[in-house]
1. Can you work out ³J(HN,Hα) from phi for every residue in the range 47-52, in order, using Karplus 6.51 cos²θ - 1.76 cosθ + 1.60 and θ = phi - 60°, giving whole Hz and x for Gly and Pro?
2. Divide by every residue of the chain the summed helix terms, -39500 (n - 2.57) for each DSSP H run of at least 4, and state the resulting mean residue ellipticity at 222 nm, rounded to the nearest 500 deg cm²/dmol.
3. Return a whole-number percent for the relative contact order of the chain, with Cα pairs under 8 Å and 6 or more residues apart as the contact set.
4. Tell me which trypsin sites (Lys or Arg not before Pro) from the range 1-81 have a DSSP coil assignment and no more than 11 other beta carbons within 10 Å of their own.
5. Ranked from the most accessible area to the least, with a 1.4 Å probe and all protein chains present, what is the order of Phe57, Phe72?
6. Write down the accessible area per residue of the chain in Å², having rolled a 1.4 Å probe over the full set of protein chains.
7. Using θ = phi - 60° and the Karplus curve 6.51 cos²θ - 1.76 cosθ + 1.60, what whole-Hz ³J(HN,Hα) does each residue of the range 13-30 get, with Gly and Pro shown as x?
8. Spelling out what I want: for every residue of the range 84-89, take phi, set θ = phi - 60°, compute 6.51 cos²θ - 1.76 cosθ + 1.60 (Karplus), and round to whole Hz; glycine and proline get x.
Amino acid sequence: MNVTEARTIGLLAAVGVIVGIGQVLASGDRISLRVAVGRAIVSGGLGLAAGSALVVFDNLSLPALVGIAAVFVSLGTSAIERLLQTFAGKHKQ
């Protein structure tokens, strides 16, 4: 892994963490350290999952990849799971 790849991975994780923490702060829910750290970890993972778009679009620019990371984190795990199930169902037939 070269420096550029490592920076991209770090950037995608950071986007996920920032958006995830922002969602916690914007919600009306009570914020605990456990909730904030949990959301940061899950959101960071979702941000990293945006890198999977490079499998399909190998010439994707960094700003586009960051945008996909933000969308993944904003949708959350449940919405992404539903999208994948719908996508898999259409290609199964």
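The values are calculated or read from the model by the stated rules, or taken from the named source; none is laboratory data. The structure displayed is predicted, hence computed values, not measured ones. Positions of Cβ are backbone-derived with ideal geometry, glycine not excepted, and every protein chain shown enters the neighbour counts. Accessible surface areas use protein heavy atoms only, side chains included; no ligands, DNA or RNA. Shrake-Rupley method; radii C 1.70, N 1.55, O 1.52, S 1.80 Å.
1. Each residue's phi maps through the Karplus curve to give x, 5, 4, 4, x, 5 Hz.
2. On the way: 4 runs with 76 residues, N = 93.
Here the helix-only value at 222 nm equals -28000 deg cm²/dmol.
3. That works out to 33 percent.
4. Passing sites in the range 1-81 are Arg30.
5. Working: Phe57 120, Phe72 50 Å².
Result of the area sort, largest leading: Phe57, Phe72.
6. Numbers: 6520 Å² over 93 residues.
Heavy-atom SASA per residue in the chain reads 70 Å².
7. 5, 5, 4, x, 5, 5, 5, x, 5, x, 5, 5, 5, 7, 6, x, 6, 6
8. 5, 5, 5, 4, 5, x
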